[in-house]
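*Asks:* Sharing a structure, written as structure tokens. Questions coming.
The values are calculated or read from the model by the stated rules, or taken from the named source; none is laboratory data. Predicted model, so just to flag it, every value in this text is computed and none were measured. Here the Cβ positions follow ideal geometry from the backbone for every residue, glycine too, while neighbour counts run over all protein chains shown.
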Amino acid sequence: MRKEYLFTFVFGFLLLATGCVFTGEDRAAEGNGVTIHSSTQATELISSYIAHLCTPEFSGRAIGSAGNDRATEWIESILIGLDITLLNTEVPGISFSVDAPELLFSTMIITTDIGEQVTLEHGRDFFIALSDGDVDFKLSNPDSSSVGFLDISQSNLIGTVDWDLIFLEADHFRNNLTPNYREGVLVQLSSEAFGKMKAYSLLSVEIVNRVQYTPYVVRNIVGLIEGSNQDKVVVLTAHFDGVGSAGSVVFPGGLDNASGVSALLYIAQELKQVSVQSPFAFDIALGFCNAEEYGLRGSRGLAKVFNDRYKEVTVINLDCIGYVMDSSIAMGYCNSDQMKDNIVSLMSEHGIVYSGEDALPGDHMSFVSYGNTALLLCSPGFGSNDIHSTASDENSVSAQLVCRLSVPIRWGCSLVQVTVISWPFILL
Ligand SMILES: [Zn+2]
């Protein structure tokens, strides 16, 4: 099976099954040892996964944190419970060392034109992502063109707006959300601090941020469902790490990426059951990647593992899916036009609107660098306040939409087994 066929086959299976969920009966089916959840059950299960991943127990799942370790163990325990083989942690690339950032201190002082100084507290009043590293920034006599107030509260219709964004730039304000402290810095402000900032006529804004990096050993989690041809693998990935917390403020990582992890856990369950009845024609790997937020570190290791092990590697990466305000799906970079066309038409057949390409980077790029056929599926349209944010992050994801993009049901599984050779070609 060529890459495109292989990819179309698996993806078609997932989508076809998904489509069936919402047109078929809403009840569980059982038979031949395979139990398939109804769409309601599947949504509830996915919803419980998302909620659990967002609990304080995992504290935002930042690398190097106890929350990240706990999330690792939790995901592994689910896969073990499903009797899915875990790739040994001794394999280089599964366990790896990463320099986890830890905030030493961070201050932000604003001075008004009447000489009043206001010191803001990191985690309470403002937030700079740890991954931005050390920041030394002073903006004197800022005018309106050098302080960009991005008031996104009006566009956010759900949840509590906890943070607003400002972009401070030394030279001139550009409408650019990329944090680059050499030219400027992107800061998230609490609503209260945001109000103050807007109300004052500023004399200066000064930020000092110090981060210490400590090496930690973290793990990717890889479940393997072995097929009959072990030269080929379809790798389904979703990163489970997040940006963690700042002080007492936790960024739970709901949309980014409890959504993708929950989908993958559910898909794992269904695929495993199907494979017990009749093995797939290729291996399926379930890659729960770590340290995505810190430079795609986990997936880089995984890409090497799979390219050493297999002749053919095809990747579907799920990151930020099921955004509550937009039921369509976007594709972030696809290096095969044929695959892309197939998927777009498949989605259309099953009522899922393709909204176009999205520039969102992600773990699939680690595989692209090895020449693998790879693709990211993500939700379009979410804003900066929907990810790496507080409560609104969790509220930004709809379990039902995640379910709609991920649920295989019994007859979809059966279809795969019966038509394993023929039906992918129909779609080309
Ligand atoms: Zn992400």
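*Asks:* Please work out if ASP308 is within 12 Å of the ligand (Cβ to nearest atom) and charged (D, E, K, R). Before the answer, list the steps.
*Replies:* Details: within 12 Å of the ligand (Cβ to nearest atom): no; charged (D, E, K, R): yes.
Answer is no for this residue.
*Asks:* Of the conditions (1) of a type in the set (A, V, I, L, M, F, W, C); (2) closer than 24 Å to PHE288 by Cβ; (3) at pLDDT below 90; (4) not in a loop (DSSP other than H, G, I, E, B), LEU360 satisfies every one except a single condition; which number is it?
*Replies:* In the conditions (1) of a type in the set (A, V, I, L, M, F, W, C); (2) closer than 24 Å to PHE288 by Cβ; (3) at pLDDT below 90; (4) not in a loop (DSSP other than H, G, I, E, B), LEU360 misses (4) alone.
*Asks:* Among the residues of the range 238-255, what is the count of those that are assigned to a strand (DSSP E or B) and modelled with pLDDT of 95 or more? Break it down into steps so the answer makes sense when it comes.
*Replies:* First, the residues of the range 238-255 that are assigned to a strand (DSSP E or B): 238-239, 245-246, 249-250.
Filter once more, so that each one left must be modelled with pLDDT of 95 or more: 238-239.
Going through the range 238-255 one residue at a time, the tally reaches 2.
*Asks:* Another question about this same structure. Kindly indicate the residue of the range 265-297 that is within 16 Å of the ligand (Cβ to nearest atom) and at pLDDT below 85 and also farthest from GLU73 (Cα to Cα) among those meeting that condition.
*Replies:* Checked the range 265-297; the qualifying residue farthest from GLU73 (Cα to Cα) is GLY295.
*Asks:* PHE288 passes all but one of (1) crowded, with 24+ Cβ neighbours inside 10 Å; (2) more than 26 Å from VAL217 (Cα to Cα); which number fails?
*Replies:* Every condition holds for PHE288 apart from (2).
*Asks:* Now a separate question. Which count do you get for residues in the range 313-345 that are more than 16 Å from the ligand (Cβ to nearest atom), within 27 Å of LEU224 (Cα to Cα) and of a type in the set (A, V, I, L, M, F, W, C)?
*Replies:* Residues flagged as more than 16 Å from the ligand (Cβ to nearest atom), within 27 Å of LEU224 (Cα to Cα) and of a type in the set (A, V, I, L, M, F, W, C) within the range 313-345 amount to 4.
*Asks:* What number of residues within the range 256-292 satisfy the criterion of being assigned to a strand (DSSP E or B) and more than 22 Å from ALA100 (Cβ to Cβ)?
*Replies:* Looking only at that region, the number is 4.
*Asks:* Right, another one. Give the range 363-379 a look and list any residue that's in a loop (DSSP other than H, G, I, E, B), within 19 Å of ASN290 (Cβ to Cβ) and of a type in the set (Gly, Ala, Ser), or say none.
*Replies:* SER369
*Asks:* Another question, then. Does SER262 qualify as being more than 26 Å from SER379 (Cβ to Cβ) and either touching a helix residue (DSSP H, G or I) at 6+ places or on another chain (Cβ under 6 Å) or not assigned by TED's automatic domain parsing to the domain that holds LEU405 (or both)? Steps first, please.
*Replies:* Numbers: more than 26 Å from SER379 (Cβ to Cβ): no; either touching a helix residue (DSSP H, G or I) at 6+ places or on another chain (Cβ under 6 Å) or not assigned by TED's automatic domain parsing to the domain that holds LEU405 (or both): yes.
Answer is no for this residue.
*Asks:* Yes or no: the range 371-378 includes at least one residue that is surrounded by fewer than 18 Cβ atoms within 10 Å (Cβ to Cβ), away from the ligand (no atom under 15 Å from the Cβ) and modelled with pLDDT of 85 or more. Outline the logic, then answer.
*Replies:* Here is the first cut: in the range 371-378, the ones surrounded by fewer than 18 Cβ atoms within 10 Å (Cβ to Cβ) are 371.
Restricting the remaining residues to those that are away from the ligand (no atom under 15 Å from the Cβ) gives 371.
Next, only the ones that are modelled with pLDDT of 85 or more stay: 371.
Within the range 371-378 (the criterion being surrounded by fewer than 18 Cβ atoms within 10 Å (Cβ to Cβ), away from the ligand (no atom under 15 Å from the Cβ) and modelled with pLDDT of 85 or more), the answer is yes, since at least one residue qualifies.
*Asks:* Moving to a separate point now. Give the number of residues within the range 100-109 that are modelled with pLDDT of 85 or more and surrounded by 14 or more Cβ atoms within 10 Å (Cβ to Cβ). Working first, answer last.
*Replies:* Taking the range 100-109 and keeping what is modelled with pLDDT of 85 or more, we get 104-109.
Retained after the next criterion (residues that are surrounded by 14 or more Cβ atoms within 10 Å (Cβ to Cβ)): 106-109.
Going through the range 100-109 one residue at a time, the tally reaches 4.
*Asks:* Yes or no: the range 380-394 includes at least one residue that is buried (at least 23 other Cβ atoms within 10 Å of the Cβ), within 16 Å of the ligand (Cβ to nearest atom) and modelled with pLDDT of 85 or more.
*Replies:* No; the residues of the range 380-394 include none that is buried (at least 23 other Cβ atoms within 10 Å of the Cβ), within 16 Å of the ligand (Cβ to nearest atom) and modelled with pLDDT of 85 or more.
*Asks:* Working only within the range 229-269, note down all residues that are surrounded by 24 or more Cβ atoms within 10 Å (Cβ to Cβ) and among the charged types (D, E, K, R).
*Replies:* Listed by number, the residues that qualify are ASP241, ASP256.
*Asks:* Is it fair to say SER201 is outside the structural domain of ASP319 (by TED's automatic domain parsing) and surrounded by fewer than 19 Cβ atoms within 10 Å (Cβ to Cβ)?
*Replies:* Numbers: outside the structural domain of ASP319 (by TED's automatic domain parsing): yes; surrounded by fewer than 19 Cβ atoms within 10 Å (Cβ to Cβ): yes.
The answer is yes for SER201.
*Asks:* For ILE46, state whether it is modelled with pLDDT of 95 or more and either under 25 Å from GLY253 (Cβ atoms) or not small (Gly, Ala, Ser) (or both).
*Replies:* Here the answer is no, as ILE46 does not meet what is asked.
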